[in-house]
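For reference, the structure is listed below as structure tokens.
The values are calculated or read from the model by the stated rules, or taken from the named source; none is laboratory data. Just so it is clear, the structure is predicted and the values come from calculations on it, not from any experiment. Only protein heavy atoms, including side chains, enter the accessible area calculation; ligands, DNA and RNA are left aside. Shrake-Rupley method; radii C 1.70, N 1.55, O 1.52, S 1.80 Å.
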Amino acid sequence: MLEGYPDILKVPEISQILRIGIQKVYKLLKSGEIKNKKIGNLYFISKEDLIKYIRGDKTKKKESSSLSMEE
């Protein structure tokens with residue numbers, strides 16, 4: 001699933017994949033329905049977390065995202 005996409009997705013890609021508007025994507029990210037990592041004003045979503053969302057694993061635990069950012 002989603003083989004043609006990078007491992008880390010951004011809002012426009014999520015919008016395209018889910019076929020929903022940008023504002024709806026932001027709402028899902030801000031509510032924690034789709035796990036994400038926010039850096040500054042940019043959201044980053046792991047492909048794995050998006051697939052979990054699509055499959056119905058809609059937990060609202062932002063901090064348990066499978067997206068890891070090394071400093």
Provide the per-residue ³J(HN,Hα) series for the stretch 20-35, in order, calculated from phi with Karplus coefficients 6.51, -1.76, 1.60 and θ = phi - 60°, each as a whole number of Hz, with x at glycine and proline positions. 10, x, 4, 4, 5, 4, 4, 4, 5, 6, 5, 7, x, 4, 10, 4
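Could you please put Lys47, Lys24 in sequence from largest to smallest accessible area, using a 1.4 Å probe? Display every interim value, and only then the final one.
Values: Lys47 30, Lys24 95 Å².
I get Lys24, Lys47, largest accessible area first.
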